[in-house]
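Below is one structure; the comments refer to it alone.
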Amino acid sequence: MEIIASPAAMQRWSENARRRGETIAFVPTMGFLHEGHLTLMREGRKRATRLASSLFVNPTQFGPNEDFSRYPRNFEGDCELMRTVPVDVLFAPEPDVMFPAGSQTWVEATEVTTGLCGDRRPGHFRGVTTVVAKLFNIVKPHLALFGEKDFQQLRAIQRMVADLNFDLEIVPVATVREADGLAMSSRNAYLTPEERQRALALSRALRAAGECMKRGARIPAQLAGAAQAVLERTPGVEIEYVEAVDAETLRPIDQLDRAVVVAIAARVGKTRLIDNAVLTPASESEKLSLSKESAG
């Protein structure tokens, strides 16, 4: 695996690969890799002839009271895991290279980043979309893969790519979970064994929302209420939000007449965790099925 720190050198690598007719898949990361990251990378390996990744803990997406300084880091361990995929090239720049003195340009998707985490983490998604736009211009991929666990982030990046005519495909990949249901996250490393058991309430809450839909719920608030009830019964889980919103726009809706995402943010101890599930009403699923049959 080649490791590159310079944006210009990374651009040359990609330009040379493109001239040879190669296709480039890209998985951006902030490091401290787990099976979720590796799943994205393996999918990228299948879809393209060259696989690029980045490792950059982006300071612009952390708020003043958030965990930039204590965000877990293990560069050598991450490189070893990438080599098992294998990743062809790793772009690992320093912060002053990505955001040199005098930088003043931001990229922001507005409506899709209001609500949910956007309301609780001012400036976070602006930092995400700005750094991802820069990475796309540096790595020059044909496709980039993002996990559905960070659902609002995924929608913000999809919106940015569409609005700014980026010439690449965004490939969503389903959330990877531990055997007991906990969504994989680098921040899980902060949890004590007792807190980790409490954190399982998030996936249980999402299952409760799914069961509520199967029982015939007609409004999104019923799904959110079913999920919230599970969290409220679990000691040591501090709810930040539980919402059921349109899965495409992330805006509130009154009726379950389309796919919704049930999204949760909660603190377990000092660790902020997020999770979500996309739920589709049975009637909508039947419409989609009939539509596919008609097209066939």
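The values are calculated or read from the model by the stated rules, or taken from the named source; none is laboratory data. Note that the structure is a prediction, hence the values are computed from the model and not measured. Using ideal geometry, Cβ is built from the backbone for each residue, glycine included, and neighbour counts are taken over all protein chains shown.
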Completion exercise
Among strands (runs of 3 or more DSSP E) entirely within the stretch 1-120, at least 3 residues that are under 24 Å from S185 (Cα atoms) and not charged (D, E, K, R) occur in 24-29, 50-55, 89-91
Exercise for the section: Return yes when E195 is free of Cβ contacts under 8 Å to residues at least 60 places away in the same chain and out of contact with any Pro (no Cβ under 9 Å at 6 or more places or on another chain) and no when it is not. Expected result: no
Handout entry: Scope the stretch 183-204; condition in contact with a Ser or Thr (Cβ under 6 Å, 6 or more places away or on another chain) and either assigned to a loop (DSSP other than H, G, I, E, B) or modelled with pLDDT under 95 (or both); matching residues
Key = R187, Y190, L191
Completion exercise
Those strands (runs of 3 or more DSSP E) completely within the stretch 233-296 that have 3 or more residues that are closer than 13 Å to A221 by Cα and at pLDDT 95 or above are 237-246, 260-268
Handout entry: Pick from the stretch 157-192, criterion among the acidic types (D, E) and free of Cβ contacts under 8 Å to residues at least 12 places away in the same chain, ranking: farthest from G236 (Cα to Cα)
Key = D167
Problem - Among the residues listed as E248, E240, the single one being of a type in the set (D, E), surrounded by fewer than 19 Cβ atoms within 10 Å (Cβ to Cβ) and either touching a Gly at 6+ places or on another chain (Cβ under 7 Å) or closer than 16 Å to R120 by Cβ (or both) - result: E240
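Here's the yes/no breakdown for (1) under 24 Å from A25 (Cα atoms); (2) of a type in the set (D, E):
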| position | (1), (2) |
| --- | --- |
| R45 | yes, no |
| P59 | no, no |
| P64 | no, no |
| R70 | no, no |
| E108 | yes, yes |
| G118 | no, no |
Problem - Single residue of the stretch 189-223 satisfying the filter (within 14 Å of V242 (Cβ to Cβ) and polar (S, T, N, Q)) that is nearest to the chain's Cα centre (by Cα) - result: S203
